[in-house]
Amino acid sequence: MIETLLSNPYVHLALFVASIGLAILVGAAAFQLKYRESKLPLATAWVDLDERVQRLRSERSDLEDKIEDLNRRIADRDRLAGEIAGLQERRDALLAEFATLDDARRQIDETKQAAANAATELASQQDALEAVRADHARLSADLEALDRQIADRKRELEKLPEELERDIAALRAQLEALRNEVDTVRAERGQLMAARQELTELNAHMAGRRDELARLDTECETLRGEKSDLLDDRDDLAHECNRLRLQVDAAEAEVRKLGTLVVELTARKAVLEAEVSRLAGEHGSGPSESDEFDENIIADLKQPPKVFESSLKKNALPLAEDEALYTVHRYLKELGLVYSPRVINAFHTALKINDAAQLTVLAGVSGTGKSLLPRRYAEAMGIRFLPFAVEPRWDSPQDLLGFYNYIEKRYRATELARAMVYLDPFNTSTLADHISHSDEMMIVLLDEMNLARVEYYFSEFLSRLEARPPWAPDLKADACRDAFITVDIRGRSEGPIQLFAPHNMLFVGTMNDDESTQSLSDKVLDRGNIMQFAAPDRFEQAVPQKVVHPSPILPFKTWKTWCKPPRLSVSDQEYVSNVISQLAKIMQAFGRPFGHRLNAAMILYVANYPAASGLTKNLQVPLADQVEFRILPKLRGLNIEEHTDTFERLERLIGQDLGDNELAAQFKATCDRQRNAGGLFNWRGLTRSEG
């Protein structure tokens, strides 16, 4: 029976039609599922849907052709059914004819069985046809649903341009917001990179400090054993100190006598110089008031200084202060130089307040990097650098600016005097040519400045710097007349030549702490920040230096945008005033009081100190710096034992009120060490381990 069905062509046709219908249904269902899960844009979905509809319509056309062929076959089946009916009638006649024949009976039975099978096959074909018709109706319904979906998608696509316009407008607003945010992030980038560098250096330094702490613990045990021996020697040392104190008093008396003698000799020198000038004029060896002035006399002063020979480009765009400081940190690191970020910030701030503190002094033992810091800082910032090696014989301002050579009949100018001519925005000397450098900056380094008495060669110059009015965009030359320095050249019809040290000229000095040097007077201490470099207790392995190039020239206009006026918020001003008031009381107790000049300079330093990583300014850090740079150097020579309570008050102020535990610990250690070694205080500096 099954073989008969399988050999029947109608059965094959029905199965083929059924399989096609099933494939169409599965494809439609898969398309619906894929469409629901798809995240493609509507335009892409529309193209895909259109292709599927075209394919379904083609398949439906093929199916209709097959159904039409099937209908023809059904018609043939009806014709065959008529023929079968005729055969059945004939069969009945034959049954009667062959009723008596067994063979004929068997044939008749077989014919009946074939007829039954044919009837069964016909019924199966009819069922398959009904199934195909049902599938056709279902596919028609699905196609109608797809047509409705296509219409819906067309309506959605018509609305899409309006939605896209709204989305584009929103995206443009977001782009503008992102651009504003990028500008803000760019401003904070340098601070964050500097903070990241500081954090890396801090972690590395902390690891070293842990090792050092273990070593110090071992040393402490040794020192405890030595302490008892030192206490035994204390009485002998006290007696020796008293004897030395008497000798110091006698020496001071002798110094006062020598000072009086120096004043007398200076006055006599002035008289002799006047007499020499008079005699030189009489004998034709120098210019006199009646002679016609020879311009060759000042030709040397007209020459541009060699420091301007290096041609550097100027920064085309204004530079943010935090980016400039990050450039300094990176430049020093590339050169293999290790300076604490706090030291760099302090040096930078001390230069910014040159209106109130005209001199920045870097002191310490030889070889601690005092001269390298201003040189490399100037290269990284794009500032001209003019080094001056101070000599022990210096005793007047002529050593800084030059002198008239009576033999050559010429004024021999120094590089500093030439630089003052060309940096002067007012051209006070009237000697500068068309080449102007008034918008550039220069750091003048007085190297080993205490080889000679600073008061002899720099006192008048320092007074002129202090006489400068604060810088302002509309500052005029007439307001700066008190700061003009007259050059000793006579006979010029235009009048004496005057030089002016402009605000874009910054002065830095270095000092070596040894027996061959002179100490600084109160006049210099009051007008400068003294940064003491401690002797190193660890020596890092030298790093090979890379070839780096100086930065473009930093315009003075950009520098002035970094300099802030001494204005603080009400709460900050109250806090700073309270700390300075406590310092004033402590210094009065020491017998070393300070005045309004130092108070104003400390406030200006606090106002100009860079904020930490762009966050709220920490007032304690710059105030602790000022205690270290301005207060501790003024305590030199004080007897620690006689002022024990006052030294302890100052230690508590540094550690508790200002939160600088590192400085407080070093200050206490210095007092303890020097109390047992002469009893006189002398600040020797601090190596910072943090930014």
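Among the listed pairs LYS302/LYS476; LYS476/LYS560; LYS476/LYS557; LYS269/LYS523; LYS352/LYS634, those with a Cα-Cα distance over 20 Å are LYS302/LYS476; LYS269/LYS523; LYS352/LYS634.
Packing, as the average of other Cβ atoms within 10 Å across residues, places the peptides 376-383, 142-149, 635-642 in the order 376-383, 635-642, 142-149, highest first.
Annotation: amide H of ILE553 within the under-5 Å range of LYS313, LYS314, ASN315, sequence separation 5 or more or interchain, hydrogens built in the peptide plane. Quick one: grab the alpha carbon gyration tensor of region 367-450, order the square roots of its eigenvalues as a ≥ b ≥ c, and give me rounded if a/c is under 1.5, else prolate or oblate depending on whether a/b is larger than b/c. The shape class here is oblate. Once the Cβ-Cβ distance of GLU309 and GLU163 is raised to the sixth power relative to R0 = 56 Å, the FRET efficiency obtained is 0.25.
Take each of the peptides 498-511, 53-66, average the number of other beta-carbon atoms within 10 Å over its residues, and list them starting from the highest.
Details: 498-511: 23.6, 53-66: 13.4.
The densest-packed peptide leads the list: 498-511, 53-66.
In order along region 413-418, phi translates into HN-Hα couplings of 8, 8, 4, 5, 4, 5 Hz, rounded to whole numbers, per the Karplus curve 6.51 cos²θ - 1.76 cosθ + 1.60 with θ = phi - 60° and x for Gly and Pro. Computed from backbone phi with θ = phi - 60° and the Karplus coefficients 6.51, -1.76 and 1.60, the 3J(HN,Hα) list for region 595-600 is x, 5, 4, 5, 4, 5 Hz; x is used for glycine and proline. The simple spin-label model puts a point 7 Å past each Cα toward its Cβ; for ARG375 and ALA151 those points are separated by 9.0 nm.
Per-residue 3J(HN,Hα) values for region 459-464, derived from phi via the Karplus relation 6.51 cos²θ - 1.76 cosθ + 1.60 with θ = phi - 60°, read 4, 5, 4, 5, 5, 5 Hz in sequence order (x marks Gly and Pro).
We did not get these values from a lab; they are worked out from the coordinates using the rules stated. If you're wondering where the values come from, they're calculated on a predicted model, not measured in any experiment. Positions of Cβ are generated from backbone atoms using ideal geometry, with glycine treated the same way; all protein chains shown enter the neighbour counts.
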